[in-house]
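The values are calculated or read from the model by the stated rules, or taken from the named source; none is laboratory data. Computed from a prediction, not measured in an experiment: that's the story for all the values here. Here the Cβ is made from the backbone with ideal geometry for all residues, glycine too, and neighbour counts use every protein chain on show. Remember, those area values only see protein heavy atoms, side chains included, never the ligands or the DNA or RNA. Shrake-Rupley method; radii C 1.70, N 1.55, O 1.52, S 1.80 Å.
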Amino acid sequence: EAQYILKHHRHDVGENQCSSALTKHIKAPVDLVWSLVRRFDQPQKYKPFVSRCTMRGDLKVGSVREVNVKSGLPATTSTERLELLDEEEHIFGIQIVGGDHRLRNYSSIITVHPEKIDAMPGTLVIESFVVDVPDGNTKDETIIFVKALINCNLKSLADVCERMAMHNPSGSVNR
Ligand code: A8S
């Protein structure tokens, strides 16, 4: 775990920025988990706060998506660019480039790694981020806010994947 973070989750963290990493163990095969994580065009497949996503261009590095989030959050839209999509090493990275929210210069990396959980094929997911600390907030407040959102996403990713693994135990994946 620590090795993976050192290898894939190094961010340049500026003076007025904060950064952290979260992990989640999922009882589903790595290919299934990756099949959802890699879908930059369809974050609503697992992210509970996304109401809509429209994408300009193909699923490739540099493409931009427009994400709408559900009401009740301190935001309605986010414009995000795909920065990393490594299908062999299972590395996915995005950067937030616009939107009506307070997360300026947000960038995140997700990696997925096979592991055994209770002698079954499982997956370790690691998500890390760096972001500017907004005016009027502290680093700790910002980390707590972002971690709460990512935790919801990872929890939901686990639920969706574990349900899919249950219904299709052979683990074949449609791309
Ligand atoms: C992600 C991670 C985050 C998304 C945040 C942190 C966001 O979509 C939500 C609320 C906000 O205030 C900011 O990978 C923003 O989804 C749910 C709109 C960017």
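Enumerate the residues in the stretch 22-47 having an amide nitrogen under 20 Å from the point lying 7 Å beyond the Cα of Arg163 toward its Cβ.
Residues 24-47 qualify, since their backbone N sits under 20 Å from the label point.
What distance in nm separates the two pseudo spin-label positions at Glu1 and Glu89, each 7 Å out from Cα along the beta-carbon direction?
Calculated label separation equals 2.2 nm.
Calculate what fraction, in whole %, of the accessible area of the stretch 92-164 sits on carbon and sulfur atoms when a 1.4 Å probe is rolled over the protein chains.
The value for the stretch 92-164 is 56 percent carbon and sulfur by accessible area.
Give me the dipole magnitude in Debye, nearest 20, for the stretch 69-175 about the Cα centre, with unit charges on the beta carbon: positive for Lys and Arg, negative for Asp and Glu.
Its charge dipole is roughly 320 debye.
In deg cm²/dmol and to the nearest 500, what is the mean residue ellipticity at 222 nm of the chain if only DSSP H runs of at least 4 residues count, each as -39500 (n - 2.57), divided by the residue total? All intermediate terms of the calculation are to be shown ahead of the outcome.
On the way: 3 runs with 44 residues, N = 175.
Calculated at 222 nm, the ellipticity per residue is -8000 deg cm²/dmol.
Could you compute the FRET efficiency for Arg52 and Asn151, with r as their C-beta to C-beta distance and R0 at 35 Å, rounded to 0.05?
0.95
What whole-number distance in Å separates the alpha-carbon centres of the stretch 17-38 and the stretch 41-66?
Distance between centres, Cα-based: 17 Å.
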